[in-house]
Amino acid sequence: MMTSHDAIIIGTGAAGGIVACVLAEAGKDVLLLERGPALSFSQVGRDHLRNQRLSIYGHNAGPELEGNPRVFVDPAGNARTVRPHEPDYHNNAACVGGGTRVYGAQAWRFMPADFRMASTYGVPEGSSLADWPLTYDDVEPFYERAEWELGVAGDGPALRDYVPRRRDYPLPPVPPSPQTVALKRGAQQLGWITSPVPLLINTLPYGRRDSCIACKYCVGFACPTDAKNGSHNTMIPRALATGHCKLVTAAMADRIETDEEGKVNGVSYFVQEGGLAQERGKAEAHTARAKIVIVSAGAIESARLLLNSYSTHHPNGLGNEYDQVGRNLQGHLYPRAYGLMREKVFNGIGPGVTLATTQFNHGNLGVIGGGMLADDFIKPPIDFWYDSLPPDLPRWGLANKRFMRDNYTRVLHVRGPVQDVPSPEGRVTIDRAVRDRWGIPVARLSGSTHPATVVAAEFMRSRGEEWLRASGCERVWSWRPGLVLSGGQHQAGTCRMGHDPKTSVTDKWGRVHNHDNFFVVDGSLHVTNGGFNPVLTIMALAFRSAAHIVRAYFQCATG
């Protein structure tokens, strides 16, 4: 079956949904492909043992555990096949909305210095640290657009001196909780700046949707009142309402098609019968042609698709003339610290994250970059048990039960992402010996972040302990970070933007070098990933790239 469109977009996450909306509202005929289903609230579920944050026994927003393997190569060079719920898979959700269906929705802007890391710190030996080909000022109007079109709750003036902005957030921040009071007291004692955590959550009714009811299920779960703002409930419904966007779920992109001259002209993909996991052979093959093709499948899957789209003209994959596709995979190391308070600091009111310090994102002696620290989202008891117990506490037995009973409400958590210093050896390649249920070679993950990232993470871990002690914790514990591959739900960097095709995959708009009509628009573009959750930057760049595509490719046709 063959169809023809103005644009094909692969992926419905934070970026893909936005690009689809902007193009469809400009009157363009858009085909939007999503490998997963459109999950209802009940389909996402609230299983404490199987969710996107604690996936020991499975998860709740895809991809399906069977038929979607990857290959992980450990530091000793040993390769093994991993399933989507296992840690070394570096999973992100696979459903309409992508990770935004179940994320925690922290909506930070990157700081101006985050766009010029190499100029600020130099380039450590063995790293691929580089400046972005654009500045904070280039992105700022699109940060504002994302905040207002999707809905972000926060306090802009609290950080205006560090992150310039022209307009405040459309919604007030989430209210403080008992831990907010304790942490603010500790920060004041230390002389640290703090601010509410910006969240893509309706603290008041917004966008014709209800406000947050402060339930205990936020990060890793779907919102019962639809107050958590993702592409699935904001931009994609707008795109579909135009009549110009067709959404196809259970659609797995096989390869980007090119013509006899090597020019991108469409996508081949499989559609699963009934939208459910079936045996191979139950899927129907499709090909669609388009003037513009946009890949928004996430840093790992976008790189995988480009590498699998090899041909006579592109023997190493699309955009990979200089072996750059899949390199510089980064996410975030996430130092964390815990402290035991005398009083209760957990009141069961969500989402849980309320207060952060950005005191240490830059300007730390002997550290490249730094990061943000904030209190944590509410954890179900089993998540607390897996993640938060003191290292010397028995993992079972009477002492463990007593600690859980007496201290679940008295443990104060702080954590946050640190600026990754990317390594060219942290990468995605393809493994042709292992294939998914569609018969497509899977992603092969190898390498690690740069050792300078571990230095930054250790520095931030110490700051976390310091903050907890100042806040009144009578006992503090944490774990030293190690050198690992950094990807996970904050995955970025595998199709980084830049001016030079020899060191980057796309230009500053996400257009793949040497291709006039082929774009990557998602976290793959990030040259560096900031010391913050990256989703608002992904969204801002999606608005920016989509506006450019409309202006540069369709303006003449629309007048």
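Coordinate-derived values only; no laboratory data. All figures in this text were calculated on a predicted structure; none of them were measured in a lab. Here the Cβ positions follow ideal geometry from the backbone for every residue, glycine too, while neighbour counts run over all protein chains shown.
Under 5 Å from the amide H of residue 410 lie the amide H atoms of 345, each residue being 5 or more positions distant or on a separate chain, with H modelled from the backbone and absent for Pro and chain starts. Along segment 455-466 the Karplus relation, 6.51 cos²θ - 1.76 cosθ + 1.60 evaluated at θ = phi - 60°, assigns HN-Hα couplings of 4, 5, 5, 5, 4, 6, 4, 5, 5, x, 4, 4 Hz to successive residues, with x for each Gly and Pro.
Packing here is the average count of other Cβ atoms within 10 Å per residue, and on that basis the peptides 194-200, 67-73, highest first, run 194-200, 67-73.
Report the calculated FRET efficiency for residue 42 and residue 74 (r = Cβ-Cβ distance, R0 = 41 Å), to the nearest 0.05.
0.60
Every helix of 4 or more DSSP H residues in the chain counts as -39500 (n - 2.57), and over all residues that averages to -6000 deg cm²/dmol at 222 nm. Under 5 Å from the amide H of residue 245 lie the amide H atoms of 30, each residue being 5 or more positions distant or on a separate chain, with H modelled from the backbone and absent for Pro and chain starts. Taking amide hydrogens as placed 1.01 Å from N in the peptide plane, the amide H of residue 70 sits under 5 Å from those of 82, each at least 5 positions away in sequence or on another chain. The stretch between residue 388 and residue 432, if pulled fully straight at 0.36 nm per residue, gains 11.9 nm over its current Cα-Cα span. Provide the FRET efficiency to the nearest 0.05 for the residue 116-residue 3 pair, computing r from the beta carbons and using R0 = 35 Å. It comes out at approximately 0.20. One decimal place: the segment residue 268-residue 155 gains 36.2 nm when fully extended, by the rule 0.36 nm per residue minus the C-alpha distance. Stretching residue 165 away from residue 479 to a fully extended chain increases their span by 109.4 nm, per 0.36 nm per residue minus the current alpha-carbon distance. Taking Cα atoms only, the orientation of helix 16-25 departs from the longest principal axis of the chain by about 60 degrees. Seen against the Cα atoms of the chain and their longest principal axis, helix 398-407 is set at about 90 degrees. Sequence-ordered 3J(HN,Hα) estimates for segment 154-166 from the Karplus curve with 6.51, -1.76 and 1.60 and θ = phi - 60° stand at x, 10, x, x, 4, 10, 4, 6, 9, 10, x, 8, 8 Hz, glycine and proline given as x.
Would you please state the base-10 log of I(q)/I(0) at q = 0.05, 0.10, 0.12 1/Å for the chain, with intensities from the Debye formula using one equal scatterer on every alpha carbon? Normalising to I(0) and taking log10 leaves -0.18, -0.78, -1.15. Could you check what % of the DSSP bridge pairs in the chain are antiparallel, to the nearest 5? Once the DSSP bridges in the chain are tallied, antiparallel ones form about 65 percent. The angle between the Cα long axis of helix 136-146 and the main principal axis of the chain comes to about 90°, on a 0 to 90 degree scale. Note on segment 149-197 and segment 319-380: Cα centroid distance 15 Å, given to the nearest whole angstrom. Dimensions of segment 413-559 along the principal axes, based on C-alpha atoms and rounded to the nearest Å, stand at 67, 44, 31, largest first.
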